[in-house]
Amino acid sequence: MNEFKNVYFKKIIANGPNKIESSIELSKGLNIICGPSNTGKTLIFKIFKLLFGSSNKKGTNNDDALFIIENDSGYTDFSLVISKNNDNIILSRNINSDIIHVESQSIDVDSGDYSYTAKKGYKIINDALLQIFNINPFKVPTTKDGSSTFFSLKFLDYLFFADEDRIDKAYQILLYKSSRYNSISHSFANLLYLIYDMDFTPFLRESDENKIKTSKNALEKYIDKKIDDNESEIASLKNKLNILLPNEDNSDIIQKKLNEVRITINKKYEETYKLEKIINSLNKKIESDEILIDRLESLSIQYKSDIERLNFIATGTDEFDINMCEHECPYCHSRIHENTICINPDDLKNEVKSAIDNLNDVSNTLHTLITEHNFDEEKIKSYKCEVFNIEQSIFNLINERKHLEQSLKNLDEVLECKKRIKYLSENNNLLQKDLFEISNQTKNERIDFVPTEYFTPFFYQKMTQNIKDIMRFCNDTRYTTAEFSKQEFDVSIRGQSKSANNGKGFRSFLNSITLLSFKKFLDQYGKHQLPIYVIDSPLKNLDIGELDEDNIKDNFFKYLIEASNNCQIIIMENTNNFTLTEELRKKANIIEFTRNLKPGRYGFLLDYHD
């Protein structure tokens, strides 16, 4: 079942006489089918159940009564395309038929007609489903006294098909509740298979002496292997401790150093900010000074030109005094007559003196500005050098911070390693005791199936931690009192059952969280994982008022993005129960119904409107 990651629902198709074919495409990862009520979201869920072998007949004691598809839309034929290792497997069924047709491109899955229940001449659909999910047939106990049945995907699908009627109920979401038989032991057996790959042979009533002997040998081998696995893990953990332990500082000392480094980094950033501000101010001043320098240089050139012109005029006046006859201007070549020359020598001298004085003033001002300009540029260089040194210091401090953070993480890992070593050592002592007792058994007897005895403390601890982590991710402050109760085999809040002082909305949230916590446990520690999870209305009736920026509902959907990295998650939900954020639209396959005939898609069935 570890190949589950290569199995996912690819397409759902609906057909009927004189009806337009309706379909939606699904993908790996997160799929959100959303829209108002009565747009076909729950119908899609019912189609999954129909093609996995639910009964579509009305009657008493029918566990599938909630999933019956009525013939009120004209759509009577439904198909589901399942992808397995990139090969398509198509399950098809008419709502009035017991037969499910399987068309398979996969060499692992047989094509043909299957019945949803035992029927002469037909194989049962469970056979095909087991092939799709790579499971060999085996028996599981259904009662304490050893009654048994073959493992069935139909009686496991409650773990990955969570319907809207069950999602807000008070009973355990991880256990199947049947109206026809006692399903609790059967449900526990399913969980033990997924978590531990448990061999149920010792519990089965029909086991003969040879089977029991074989089971005893298998159990001894299993315990031996488990002990070896534990010893191997202990050795690996001890090696890890040898690497992690050289750091002798305790967590308080490291945390104190880390806080000091963080404070220093913040101060350095403040220094950098102040220096950058000064540098920006100086740059603006330099830009302004450069404009003024350009203007003063132009003015200086103008004054020099004026002085040269006046000196030339003065020289020309002397020549005219010597030569009074008409002559040609050396610059413009026009004729100059004596009566055009009217220059007062004193006025000319005063004008020259004024121009020289102005030139000296401009030169002095220009010199002062250039000196300041050069000084400011030097200051900027100095400040930039100081900024560079501070940034280098920040870089080193950041590396130190990372080192300290890693040291804290290492200390946490040390504690976890020590706890795990202690648990494995105690577990091996118990296994050695069990092995001794089994080896010295003189008479082989069937063992009563009491499933709750086989769930280890580690399972309850990790389930509790997973529930807390997901609730905290969703910004639900009640996570501190959350626990997966061994007595209830369900989530509890403040030591009370989830139904105590909690309405349907919060129960639906807790049930969804519990299911996702179990998924996380299977992904990390289970012998088998489930590839697909379908949840209809996970936040049904959960009313938190107006949706603020960091609300439980939107954070729940944000968590689903993370949870769907290694599987397929399909969610049906009313649009007003959450926000279709840009992140969801980017990272999830959104199928949105509008219940409106013009914009968007009215609903799943293209040729039906209520």
Next item on the list: Show 268, 58, 504 ordered by accessible area, largest first, where the area counts protein heavy atoms only and the probe is 1.4 Å.
Entry: 58, 504, 268
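Could you compute the net charge surrounding residue 110? Neighbours are other residues with a C-beta less than 14 Å from the C-beta of residue 110; K and R count +1, D and E count -1. Walk me through the numbers on the way to the answer.
Details: positive: 84, 123; negative: 87, 103, 108, 113, 127.
It works out to a net charge of -3.
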Item checked: Three-way shape label, region 394-529, alpha-carbon gyration tensor, a/c 1.5 -> oblate
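Rounded, prolate or oblate: pick one for region 1-79, where a ≥ b ≥ c are the square roots of the eigenvalues of its C-alpha gyration tensor, a/c under 1.5 means rounded, and failing that, prolate if a/b is larger than b/c, else oblate.
Numbers: a/c = 1.77, a/b = 1.24, b/c = 1.43.
Oblate, since a/c reaches 1.5 and b/c is not below a/b.
Using just the Cα positions, wrap region 118-237 in a convex hull and report its mean projected area in square nanometres, one decimal place.
Values: hull surface 44.1 nm².
Reported value for the Cα convex hull: 11.0 nm².
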Notebook entry, point to check: With contacts defined as alpha carbon pairs under 8 Å and 6 or more residues apart, what's the relative contact order of the chain in percent?
Noted result: 25 percent
Next item on the list: Please give the direction-averaged projected area of the C-alpha convex hull for the chain, in square nanometres with one decimal.
Entry: 51.4 nm²
Item checked: Furthest towards positive pole of dipole, 167, 282, 436, structure part the chain, Cβ charges -> 436
Item checked: Residues of region 144-206: accessible area per residue with a 1.4 Å probe, Å² -> 35 Å²
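Can you tell me the FRET efficiency between residue 276 and residue 111 if r is taken as the Cβ-Cβ distance and R0 is 45 Å, rounded to the nearest 0.05? Walk me through the numbers on the way to the answer.
Values: r = 71 Å, r/R0 = 1.57.
Working from the Cβ atoms, E equals 0.05.
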Margin query: If I ignore ligands, DNA and RNA and count only protein heavy atoms, how much of residue 474 is accessible to a 1.4 Å probe, in Å² to the nearest 10?
Written below: 0 Å²
Next item on the list: Using only Cα atoms, tell me the angle between helix 457-473 and the longest principal axis of the chain; keep it within 0 to 90° and round to the nearest 10.
Entry: 40 degrees
Next item on the list: Could you pull out every one of the aspartates and glutamates with an alpha carbon less than 20 Å from that of residue 238, ignoring same-chain neighbours closer than 8 positions?
Entry: 228, 229, 248, 249, 412, 413, 416, 426
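Looking at this model, which pairs from 267/418; 84/553; 11/57 are more than 27 angstrom apart at the alpha-carbon?
Numbers: 267/418 38 Å; 84/553 33 Å; 11/57 25 Å.
From 267/418; 84/553; 11/57, over 27 Å: 267/418; 84/553.
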Next item on the list: With the full set of protein chains in place, find how many percent of the accessible area of the chain is carbon and sulfur; take the probe as 1.4 Å.
Entry: 49 percent
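Keeping every protein chain present and rolling a 1.4 Å probe, give me the accessible area per residue for region 394-529 in Å². Let's see the in-between values first.
Numbers: 7260 Å² over 136 residues.
Per residue, region 394-529 has 53 Å² of solvent-accessible surface.
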Checklist line | Heavy-atom SASA rank of 270, 573 (probe 1.4 Å, accessible area, largest first) | finding: 270, 573
Check: Using +1 on the beta carbon of Lys and Arg, -1 on that of Asp and Glu, and nothing else charged, what's the dipole of the chain about the Cα centre, debye to 20?
Finding: 4600 debye
Margin query: Testing the spin-label approximation: label points 7 Å from Cα along Cα→Cβ at residue 437 and residue 386. State their distance in nm.
Written below: 7.7 nm
Notebook entry, point to check: If r is the Cβ-Cβ distance from residue 487 to residue 266 and R0 is 56 Å, what FRET efficiency results, to the nearest 0.05?
Noted result: 0.70
Check: Are there GluC sites (Glu not before Pro) in region 478-548 that DSSP puts in a loop and that have at most 14 other Cβ atoms within 10 Å, and which ones?
Finding: 488, 546
Next item on the list: Excluding residues fewer than 8 places away in the same chain, name every one of the lysines whose C-alpha is closer than 19 Å to that of residue 284.
Entry: 274, 379, 381, 384
Notebook entry, point to check: Excluding ligands and nucleic acids, what accessible area in Å² is computed for residue 229 using a 1.4 Å probe, to the nearest 10?
Noted result: 70 Å²
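Protein chains only, probe 1.4 Å: how do 597, 50 rank by accessible area, largest first? Spell out each step's value before the answer.
On the way: 597 125, 50 0 Å².
Ranked list, largest accessible area first: 597, 50.
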Notebook entry, point to check: How far is helix 345-439 tilted off the main Cα axis of the chain, in degrees rounded to 10, range 0 to 90?
Noted result: 10 degrees
Checklist line | More than 15 Å apart - percent of Cα-Cα pairs taken over region 106-165 | finding: 60 percent
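Please give the net charge around residue 512, taking every other residue with its beta carbon less than 10 angstrom from that of residue 512, where Lys and Arg add +1 and Asp and Glu add -1. Working shown, then result.
Numbers: positive: 507, 540; negative: 168.
So the surrounding residues net to +1.
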Check: Local charge sum around residue 607 (other residues, Cβ-Cβ under 14 Å, Lys/Arg +1, Asp/Glu -1)?
Finding: -2
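I need the fraction of alpha carbon pairs in region 459-610 separated by more than 26 Å, rounded to a whole percent. The partial results should precede the final answer.
Values: 3485 of 11476 pairs.
Value for region 459-610 (Cα pairs over 26 Å): 30 percent.
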Check: Any idea of residue 271's accessible area? Nearest 10 Å², probe 1.4 Å.
Finding: 80 Å²
Item checked: Mean ellipticity per residue at 222 nm, deg cm²/dmol - from DSSP H runs of n ≥ 4 across the chain, formula -39500 (n - 2.57) -> -17500 deg cm²/dmol
Item checked: Nearest-ten-degree value, helix 504-525 long axis tilted from longest Cα axis of the chain -> 90 degrees
Next item on the list: May I ask you to compute the full-extension gain from residue 309 to residue 297, defined as 0.36 nm times their residue separation minus their alpha-carbon distance, rounded to one decimal in nm?
Entry: 2.5 nm
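In the structure shown, do any of 226/409; 154/527; 46/123; 19/598 have a Cα-Cα gap over 25 Å, and if so which?
Numbers: 226/409 29 Å; 154/527 20 Å; 46/123 22 Å; 19/598 19 Å.
Exceeds cut-off: 226/409.
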Margin query: Quick check on the chain: of the DSSP beta bridges with both residues there, what percent are antiparallel, nearest 5%?
Written below: 65 percent
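The values are calculated or read from the model by the stated rules, or taken from the named source; none is laboratory data. Computed from a predicted structure; not experimentally measured. We place every Cβ from the backbone using ideal geometry, glycine too, and count neighbours over all the protein chains shown. SASA here: full protein model, heavy atoms, side chains in, ligands and nucleic acids out. Shrake-Rupley method; radii C 1.70, N 1.55, O 1.52, S 1.80 Å.
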